[in-house]
Amino acid sequence: MNPAFSVVIFTSIAGAAQGMVVALALARLVGVAMAPSFLRTGLAIAGVMLLIGLAASFAHLGRPERAWRAVLMWRTSWLSREVIVLPAFIGVVALWWLALYVGIDTVWLPLAAIVVAALLWYCTAMIYACLRFIEEWAQPLTLVNFTLIGLSSGLILTSALSVVLAQPELLPATGTAALLVTVVAWITRTMALRRNAVIKHKSTLQSATGIRAPNLVQKSMGMSAGSFNTREFFHHAGLLAMKNVKLALIVLGFALPTALLLWGVTAGFGLAFVLALAVQVPGLVADRWFFFAQAKHPQNLYYQVVS
Amino acid sequence: MIQWLKDLMAGVAQPMALVEEGVRPVAISSEGRVSVRADQGETLAKQLALVIDLNVCVGCHACVTSCKQWNTSGSAGPLADEKPYGADPTGTFFNRVQTYEAGAYPVTETIHFPKSCLHCEDPPCVPVCPTGASYKRKEDGIVLVDYDKCIGCKYCAWACPYGARELDEERQVMTKCTLCVDRIYDEKLPKEDRKPACVKACPTGARIFGDVKDPNSEASIAIRERGGYSLMPEWNTSPANQYLPRRVTDVAGGASKVQPTVGGER
């Protein structure tokens, strides 16, 4: 697939915002001490991130002025469900922020935030996992990774924020959680990458055309230049570029953040969390880009040459 | 603004009901709206489709140009062309003819392979559409896009394993083969012209149009008697369009036989 920048930005930034809201909600529910102003600032930042994500998702549409129609088919479409749950999540975050602002501190709003965040991760991941013939995506690890990567980036963001805004009481909890979740996400993402690297696709040129000759080559795609099919489904990046992006996503997205978090947690060194955030942001953009680029759509079988 | 609200209310109250201009109604609800949308997994009594005979397709692209001409001028169009005279021209087409070579030199065969929407009986592109713009008609099984409801999210194209859909870059809506729905029911046309433009244009008769649910239609007979097969059967989409495999003819006087290595399940 050709990774759409709008979707890469939307899924990474919304995932991190969900992770931060869940981190803050859990901290509130288990009673970790933090200043009310810190909680409000965190929620405000998450809200802004979600709005940026929402704007990016609009940028993906050819006809954004009709976007409201996308809520109609929630009975069958995961995309429609996501379109409903995303504003709902923004609403819960805004409501929680507002409640804190006017001085109401209830456990129900953080609880609701956790539930709706989980639902949003599920909807986002199912958009990809439900396409059964895109075999790189149609697997449970897609759901696991969308959730864990969102949680990892959200926890790192929360930890970095607590360093910047001087909330040392929060750091032992979020820092340790960030380290654990990042390591687990590293493992599950590696499992998915390994599985996808050696995947044997069900469809072949023979099944796509019904011409069962073992020696079958395409001589013409039926057009002299490109079409929607050659633009939308091919990333046009070379093997070397793919290899470099894969290395970047592992090193920047998981390995370096893990090392920095370990340093921060064991030495109690605050700046390490800020550094982990700075390193992970480009790493996760690379990761999401690779998620799309690695998926081979069966329609690509019909577009093997330009002639 | 008022129309926008009316559209919204109508859409929420009746997401399953869609109006299609120029289409003979099958069921009219109490509100007087035409219900043409088939439910997911519904078995339809009628399924219009094309049967493509790979045995006689000569790869002339007449179906491609006639499809483009009809559909860019009709209710589906205009189908955008970008940089038509540039070095890198591109455009929206509902139908393409590809060419494959099977076998090893000198025993090779050139196979021209027309490719358009297969109007699947279980179309994976329909349930994923968030707006309901993509739908399968209850009346005749044609899979269509309502261009006024499409938001151009391209998710349906991702959900089609065949790459049958093309986004119109100018209008930014998804387009696809309509089986010339604005032509096959047009009673102002002579009866012999009420066929898809590609079928009418094919000089070798490689495209057979008909109801594949009617066992006595030309299309059904061709599928039954000449080894019609589906593309990518592994995904269980039940494409309505089927392909007839290559046959080779023996020396004069000998019987025709179906080529065992090239073609479908035979």
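We did not get these values from a lab; they are worked out from the coordinates using the rules stated. If you're wondering where the values come from, they're calculated on a predicted model, not measured in any experiment. Glycine also receives a Cβ, built like all others from the backbone with ideal geometry; neighbour counts cover every protein chain displayed.
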Among A:Val93, A:Val183, A:Val115, which one shows the highest mean-square fluctuation when chain A is modelled as a Gaussian network with alpha-carbon springs under 10 Å? A:Val115
All lysines inside 17 Å of A:Lys202 as judged from Cα atoms, apart from same-chain residues fewer than 8 positions distant: A:Lys296
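For the protein assembly as shown, what is the mean residue ellipticity at 222 nm derived from helices alone (per DSSP H run of n ≥ 4: -39500 (n - 2.57); sum divided by total residues; nearest 500 deg cm²/dmol)?
On the way: 17 runs with 251 residues, N = 573.
Using -39500 (n - 2.57) per qualifying helix, the result is -14500 deg cm²/dmol.
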Output field shielding_mean for B:124-136 (other chain Cβ, 10 Å radius) holds 6
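With the cut-off at 32 Å, tell me which of the pairs A:Lys246/B:Lys176; A:Lys246/B:Lys68; B:Lys136/B:Lys200; B:Lys83/B:Lys213 have Cα atoms farther apart than that.
Going by Cα-Cα distance, A:Lys246/B:Lys176; A:Lys246/B:Lys68; B:Lys83/B:Lys213 fall outside the 32 Å limit.
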Of B:Lys138/B:Lys191; B:Lys154/B:Lys188; A:Lys219/B:Lys195, which pairs sit farther than 28 Å apart, going by alpha carbon to alpha carbon? B:Lys154/B:Lys188; A:Lys219/B:Lys195
So for the range A:101-180, what are the equivalent ellipsoid semi-axes in whole Å, largest first, each being the square root of 5 times an eigenvalue of the Cα gyration tensor? 31, 18, 8
I'd like the orientation of helix A:256-267 relative to chain A: the angle between its Cα long axis and the longest Cα principal axis, in ° from 0 to 90, rounded to 10. 20
Starting from 0 in steps of 10 Å, tell me what percent of the Cα-Cα pairs of the range A:148-302 lands in each bin. 10, 31, 23, 16, 11, 6, 2
Quick one, what does Rg over Rh come out to for chain A if you take C-alpha atoms and the Kirkwood Rh? 1.03
Relative to the longest principal axis of chain A, what angle (0 to 90°, nearest 10) does the C-alpha long axis of helix A:271-294 take? 20
Those chymotrypsin sites (Phe, Trp or Tyr not before Pro) from the range B:54-129 that are DSSP loop and have at most 12 other Cβ neighbours within 10 Å turn out to be B:Tyr85
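Using a 10 Å cut-off on Cβ to Cβ distances, tally the other chain neighbours for every residue of A:290-302 and report the average as a whole number.
Values: counts 0, 0, 0, 0, 0, 1, 0, 6, 7, 10, 1, 4, 9.
Mean inter-chain Cβ contacts per residue within 10 Å come to 3.
Could you give the length gained by full extension between A:Thr204 and A:Arg132, i.e. 0.36 nm per residue of separation minus their alpha carbon distance, to one decimal place? Before the final figure, lay out the partial values.
Numbers: separation 72, 0.36 × 72 = 25.92 nm, distance 1.55 nm.
Result for the pair: 24.4 nm of gain on full extension.
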